[in-house]
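Data block below; observations after.
Every number in this text was worked out from the coordinates using simple rules, so none of it is lab data. Keep in mind that what you see is a predicted model, and the values were worked out from it rather than measured. So basically every Cβ, Gly included, is an ideal-geometry build from the backbone, and we count neighbours across all protein chains shown.
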Amino acid sequence: MNSLVELNLALILFLPWYAILGFVFWRFPRQPRTVARRSYDIASLLMAFGLATASMQWSFHHATTNYGGMWKQVLATSVSYGIFLLVLTVATVVRWRLFRSNNHENPLHSRVPGTHHL
């Protein structure tokens with residue numbers, strides 16, 4: 001197997017699932033949809049993907065082969081997925097606290113110009 005593919009196999013296999021989870025994170029809840037909220041969501045998704053990729057590569061390089069050659073892939077996939085879920089979970093809780101729709105005094109609630117009920 002190509003060494004680049006072997007190193008990134010966990011990412012290649014989990015990319016569709018990360019895309020689905022990222023879409024759900026981006027889409028829900030639908031309101032409030034502000035400039036600050038969109039920026040926060042983009043930053044959160046980039047951080048989740050970046051940290052998942054970095055943790056996957058780190059765990060692949062630090063896994064022992066005492067349990068077989070496949071253990072590197074198993075560990076890389078497990079750690080990467082765990083980090084991705086952790087970042088999205090923390091980002092969801094923080095987003096919920098920052099962008100509550102009942103907090104009208106919050107300056108982060110400026111609507112995106114030209115958008116209605118996105």
Selection count, segment 34-48, where residues are surrounded by fewer than 18 Cβ atoms within 10 Å (Cβ to Cβ) and not hydroxyl-bearing (Ser, Thr, Tyr):
7
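Say whether the condition of being closer than 18 Å to Leu15 by Cβ and within 10 Å of the chain's Cα centre (by Cα) is met by at least one residue in segment 87-96. Full working, then the answer.
First, pick out the residues of segment 87-96 that are closer than 18 Å to Leu15 by Cβ: 87-88.
From what's left, within 10 Å of the chain's Cα centre (by Cα): 87-88.
Yes, segment 87-96 has at least one match.
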Quick check on Gly50: is it touching a Leu at 6+ places or on another chain (Cβ under 8 Å) and closer than 17 Å to Thr89 by Cα?
no
Any residue at all in segment 7-15 that is more than 14 Å from the chain's Cα centre (by Cα) and free of Cβ contacts under 8 Å to residues at least 24 places away in the same chain?
yes
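Suppose the filter is surrounded by 14 or more Cβ atoms within 10 Å (Cβ to Cβ) and assigned to a helix (DSSP H, G or I); does Ala19 pass it? Reasoning before the result, please.
Details: surrounded by 14 or more Cβ atoms within 10 Å (Cβ to Cβ): no; assigned to a helix (DSSP H, G or I): yes.
Spelling it out, it is not the case that Ala19 is surrounded by 14 or more Cβ atoms within 10 Å (Cβ to Cβ) and assigned to a helix (DSSP H, G or I).
Yes/no matrix, rows are residues, columns are (1) farther than 18 Å from Ala36 by Cβ; (2) part of a loop (DSSP other than H, G, I, E, B); (3) in contact with a helix residue (DSSP H, G or I) (Cβ under 8 Å, 6 or more places away or on another chain):
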position: His61; (1), (2), (3): yes, no, no
position: Gly69; (1), (2), (3): yes, yes, no
position: Thr77; (1), (2), (3): yes, no, yes
position: Val93; (1), (2), (3): no, no, no
